[in-house]
Amino acid sequence: MFVKIEPSGCCERKGLVQIRFCMYLDEGDYGYDVHHAQVPVIPEEGYTGKVNELGTPVDMKHYQKWLNRLPKVWQTNPFHNHFIYVEPDTSDEEIMNIGQAFLEEAYIKWACEERLDLKNPPVSFHTNNPKAIEDKVNHLKETVLERRIGSY
């Protein structure tokens, strides 16, 4: 299994760096088949049938037939996502250590079919440096950070 930072979930939040961890299972991990699924390959132009002002298909039966005819690929989706908040000077190594700890906790609960209600410990933050926060967020969005660990 592995944990990876999802760039779309990295931003400034209340004067801190918000980081989104996505947690994935490997083949052989408990419950892998739940999150390893076939998904349709949506063409670039998207659905060409009639849609309402919100872009929702008007005829759901037609939409479902269209969707069912599309080619499919196998995709592994995260079994859990978790957000943390850190100071901008937190190292990548420390961030990934935090991610690994939450991955291990999440997997134990997942494998025991318990609710995944992970809690961040309370922390006091002191930085109020918007430039440092922006730099760290940009770094996280541009850097692939992933850590693989063995299964339990």
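Counting only pairs 8 or more residues apart or on different chains, how many lysine pairs in the range 8-152 have their Cα atoms under 30 Å apart?
For the range 8-152, the number of qualifying lysine pairs is 16.
Per the Cauchy relation, a quarter of the hull surface: what is the mean projected area of the convex hull of the alpha carbons in the chain, in nm²?
With the hull built on Cα positions only, its mean projection is 12.2 nm².
State the answer as a single residue: which of Gly31, Ile98, Tyr47 lies farthest towards the positive end of the charge dipole of the chain, with beta carbon charges of +1 for Lys and Arg and -1 for Asp and Glu, about the Cα centre.
In the chain, that residue is Tyr47.
Take every Cα pair under 8 Å in the chain that's 6+ residues apart, average their separations, divide by the length, and report that relative contact order as a whole percent.
38 percent
Please report the Cα spread of the range 1-61 along all three principal axes, rounded to whole Å, starting with the longest.
Ordered largest first, the range 1-61 gives principal extents of 40, 40, 18 Å.
Using the Cα centre of the chain as the reference point, and only Cβ charges (+1 on K/R, -1 on D/E), how large is the resulting charge dipole? Debye, rounded to the nearest 20.
580 debye
Karplus couplings for the range 58-72 from phi (6.51 cos²θ - 1.76 cosθ + 1.60, θ = phi - 60°), rounded to Hz, Gly and Pro as x?
6, 9, 5, 5, 5, 4, 5, 4, 4, 4, 5, 7, 5, x, 10
Every read-out reported here was derived from the displayed coordinates using simple, explicitly stated rules and does not represent laboratory data. The model shown is predicted, which means the values in this text are computed figures rather than measured ones. Methodologically, a virtual Cβ is constructed for each residue, glycine included, from the backbone with ideal geometry; neighbour enumeration extends over all protein chains shown.
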